[in-house]
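Asker: For reference, the structure I am asking about is given below.
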Amino acid sequence: MLVQALQQELGPGQPVAALVTRAVVRADDPSFRRPSKPIGPFYGEEEAARLAVERGYRLKEDAGRGWRRVVPSPEPQRIVEREAIRALVEAGVLVVAAGGGGVPVVERPGPDGRLVYEGVEAVVDKDLGAQRLAVDVGADRLVILTDVPQAFLHYRRPDARPLGRVALSEARRYLEAGEFAEGSMGPKVRAAVRFVAAGGREAVIASLADAEQALAGEAGTHILPDAAPARA
């Protein structure tokens, strides 16, 4: 769908390609011992109990709405296809990659001594997958588009305050203080902080509707290195 939409908007002169992308995760990631990422539909208690027995699912009750399967959400360590993505970009191709955070795989030594990749039952967080990809391909800017105009302190409270331009150390303090909900803005701010800490020039969190203004610095939350100059 993304390739179709981009191709229709940009025309036949701009090649667009989607690449199935694998994200390497550690086999000993703590999340494999404590699955917590809810996926899939809601089930009634009886059906949840049946699925736990028949399929070995781990299920948890979700805020009174029913039971959902939970799976591990390990940290992405590396994008396997990073060199292929770089080569495509350098050739002028607009690449759609790391869909859904990437397919989680672990590295294991093969019979001939070379590393092989094995898929695992898990889900990589999409924001952290995007951050990992951005670092791996040497991007200078990470833009995370969502359904709110920017990140807020004290979100949905009377004293809520939008964040505009924020230094890395300040954003990290807010993150460590628990200002951003884990189920929504938390992973986005974490991804932005990690990207800038790894050498990125800027990370932006903005509404999809405000993408153009955000790229121009006129909308959204912008996390920058501590030494970045203030906007005039």
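Asker: Which members of the stretch 41-54 meet the condition of being surrounded by fewer than 12 Cβ atoms within 10 Å (Cβ to Cβ) and either assigned to a loop (DSSP other than H, G, I, E, B) or in contact (Cβ under 8 Å) with a residue 24 or more places away in the chain (or both)?
Answerer: Across the stretch 41-54, the qualifying residues are P41, G44.
Asker: Please go through the stretch 109-125 and give me each residue that is closer than 25 Å to R86 by Cα and either at pLDDT 95 or above or touching a strand residue (DSSP E or B) at 6+ places or on another chain (Cβ under 7 Å) (or both), ordered by number. It would help to see each step written out before you state the result.
Answerer: Going residue by residue through the stretch 109-125, those that are closer than 25 Å to R86 by Cα are 114-119, 123-125.
Hits for the stretch 109-125 are L115, V116, Y117, E118, G119, V123, V124.
Asker: Please go through the stretch 101-132 and pick out each residue that is part of a loop (DSSP other than H, G, I, E, B), buried (at least 16 other Cβ atoms within 10 Å of the Cβ) and more than 16 Å from the chain's Cα centre (by Cα). Explain how you work it out, then say what you get.
Answerer: Start the filter on the stretch 101-132 by keeping residues that are part of a loop (DSSP other than H, G, I, E, B), which leaves 102, 110-114, 120-125.
Adding the requirement that they be buried (at least 16 other Cβ atoms within 10 Å of the Cβ) leaves 102, 120, 122-125.
Of everything in the stretch 101-132, just one residue is part of a loop (DSSP other than H, G, I, E, B), buried (at least 16 other Cβ atoms within 10 Å of the Cβ) and more than 16 Å from the chain's Cα centre (by Cα), namely V120.
Asker: Only residues that are under 14 Å from D136 (Cα atoms) and without any contact (Cβ under 8 Å) to a residue 24 or more places away in the chain: list them for the stretch 67-103, please.
Answerer: Result: E83, A87.
Asker: Of the residues P158, P162, P149, only one is closer than 27 Å to M1 by Cα, at pLDDT below 95, in the same structural domain as P225 (by TED's automatic domain parsing) and not charged (D, E, K, R); which?
Answerer: Working: P158 fails: closer than 27 Å to M1 by Cα; P162 fails: closer than 27 Å to M1 by Cα.
Only one candidate qualifies: P149.
Asker: Now for a separate question. Out of V189, V204, V196, report the one residue that is farther than 23 Å from P72 by Cα, of a type in the set (V, I, T) and either part of a strand (DSSP E or B) or within 12 Å of the chain's Cα centre (by Cα) (or both).
Answerer: Details: V189 fails: farther than 23 Å from P72 by Cα; V196 fails: either part of a strand (DSSP E or B) or within 12 Å of the chain's Cα centre (by Cα) (or both).
None of the other options fit; the residue is V204.
Asker: Would it be correct to say that D147 is on the phi < 0 side of the Ramachandran plot, surrounded by fewer than 16 Cβ atoms within 10 Å (Cβ to Cβ) and touching a helix residue (DSSP H, G or I) at 6+ places or on another chain (Cβ under 8 Å)? Spell out the reasoning first.
Answerer: Working: on the phi < 0 side of the Ramachandran plot: yes; surrounded by fewer than 16 Cβ atoms within 10 Å (Cβ to Cβ): yes; touching a helix residue (DSSP H, G or I) at 6+ places or on another chain (Cβ under 8 Å): yes.
So D147 fits the description; yes.
Asker: Name, by its number, the condition in (1) part of a strand (DSSP E or B); (2) surrounded by 14 or more Cβ atoms within 10 Å (Cβ to Cβ); (3) touching a residue at least 60 places away in the same chain (Cβ under 8 Å) that does not hold for P38.
Answerer: Status for P38: all satisfied but (3).
Asker: Now for a separate question. Exactly one condition in (1) out of contact with any Lys or Arg (no Cβ under 8 Å at 6 or more places or on another chain); (2) more than 14 Å from V25 (Cα to Cα); (3) not in a loop (DSSP other than H, G, I, E, B) is false for K60; which is it?
Answerer: For K60, the failing item is (1).
The values are calculated or read from the model by the stated rules, or taken from the named source; none is laboratory data. The structure displayed is predicted, hence computed values, not measured ones. FYI the Cβ positions are ideal-geometry reconstructions off the backbone, even for glycines, and counts take in every protein chain you see.
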